[in-house]
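The values are calculated or read from the model by the stated rules, or taken from the named source; none is laboratory data. Just so you know, these numbers come straight off a predicted model, no measurement behind them. As a convention, Cβ positions derive from the backbone with ideal geometry for all residues, glycine included, and neighbour counts pool all protein chains shown. Surface accessibility is based on the protein's heavy atoms, side chains included, excluding ligands, DNA and RNA. Shrake-Rupley method; radii C 1.70, N 1.55, O 1.52, S 1.80 Å.
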Amino acid sequence: MRHLMSPLDFTVEELDSLFDLASDIEQNMPKYAHACQGKKLASCFYEPSTRTRLSFESAMLNLGGDVIGFSDASSSSASKGESVSDTIRVISCFADICAMRHPKEGAPMVAASRSSIPVINAGDGGHQHPTQTLTDLLTIRSLKGHIEHFTIGLCGDLKFGRTVHSLIHALVRYPKIHFIFISPEELKVPSYITDMLKEKQIPYEEVIRLEEIMPRLDFLYMTRVQRERFFNEDDYVRLKDFYILNKEKMKLAKQDMLILHPLPRVNEISVEVDDDPRAAYFKQVQYGVYVRMALILTLLDIHV
Ligand code: NCD
């Protein structure tokens, strides 16, 4: 039995097969409409979510399966003091696969160690968000045709943004990726990540101003300042609008640069950018459903 805790749980070759399956699903949806008939997904969200939860749920429904679960810790037995280990042992009796989001780093890993069904980490605190990374990689592959040889700028809250942490870990396994980290001093990418890049001799730069590096980017990955992980509201207020991508700044970008964002967006991308053909963040949401369908089939070992 396999779980998904980190994007590194799959080899690059396994990811290629997963993305091939996701692309086949995109082109031949009806073929998969009954693949998970009789199977249930438990969607256990201890932290707010719109996209990830509904994306998992619609993925399972698209496969002909059913969904049970909760979208708020306060409506689960966690509010009575039940541990994640006990909850997953109970859920293992009800469902065939579980997607879990939790505010505590490592909670889905604890669940996986006690579970008799596959557990998918749907985001654990400021740590990892592997299915967002699968979404990001499938988007890059589908829109550019390959995952190699590009310069990617990651901009915003690189300290608390778990999607950024997962994506960097995943991208270092592909050839010739150059990272540019764009953040205020207070929200720099954690040192355990830059140490890993140094050790692997992967090139990266850290800058504060977006404008100065914009013309060099093939991808710009924008992120929201993660208010819920700040200790102090004043710091959040000071940093929240540090970057606002608008039409003016887009004039500096290459004609084929793509803008990605895991969403939700707050102010960091002005709505006037949405009509720019380089804005790929809503397409990214659609790829998220295909890749989660492929993931559910793979972890349940179902072949169509
Ligand atoms: C992200 C998350 O939850 O980490 N959202 C998502 O799942 N697409 C990003 C965020 O909340 O900023």
ask   = So which residues in segment 115-129 are of a type outside the set (A, V, I, L, M, F, W, C), closer than 17 Å to S55 by Cβ and within 9 Å of the ligand (Cβ to nearest atom)?
value = G123, H129
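Residues in segment 151-169: is at least one charged (D, E, K, R), open to solvent by 30 Å² or more (accessible area, probe 1.4 Å) and farther than 23 Å from V225 by Cβ?
No, every residue in segment 151-169 fails to be charged (D, E, K, R), open to solvent by 30 Å² or more (accessible area, probe 1.4 Å) and farther than 23 Å from V225 by Cβ.
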query = Hey, among the residues in segment 137-150 that are farther than 11 Å from P7 by Cα and open to solvent by less than 20 Å² (accessible area, probe 1.4 Å), which one's nearest to the ligand (Cβ to nearest atom)?
reply = T139
remark   = Scanning segment 35-62 residue by residue, those open to solvent by 40 Å² or more (accessible area, probe 1.4 Å), part of a loop (DSSP other than H, G, I, E, B) and near the ligand (Cβ under 10 Å from one of its atoms) turn out to be P48, T50
inquiry  = Filter segment 209-228 down to the residues that are surrounded by 13 or more Cβ atoms within 10 Å (Cβ to Cβ) and away from the ligand (no atom under 16 Å from the Cβ) and list them by number.
reply    = L210, I213, M214, R216, L217, D218, F219
ask   = When segment 176-208 is examined, which residues are found to be open to solvent by 10 Å² or more (accessible area, probe 1.4 Å) and aromatic (F, W, Y)?
value = Y192, Y204
ask   = Can you tell me how many residues in segment 257-274 are under 23 Å from the mean Cα position of the chain (by Cα), over 23 Å from R227 (Cα atoms) and acidic (D, E)?
value = 1
remark   = Filtering segment 1-34 for residues that are open to solvent by less than 60 Å² (accessible area, probe 1.4 Å), touching a residue at least 24 places away in the same chain (Cβ under 8 Å) and within 21 Å of the chain's Cα centre (by Cα) leaves a count of 13
query = Condition test on P103, is it surrounded by fewer than 19 Cβ atoms within 10 Å (Cβ to Cβ) and within 16 Å of the chain's Cα centre (by Cα)?
reply = yes
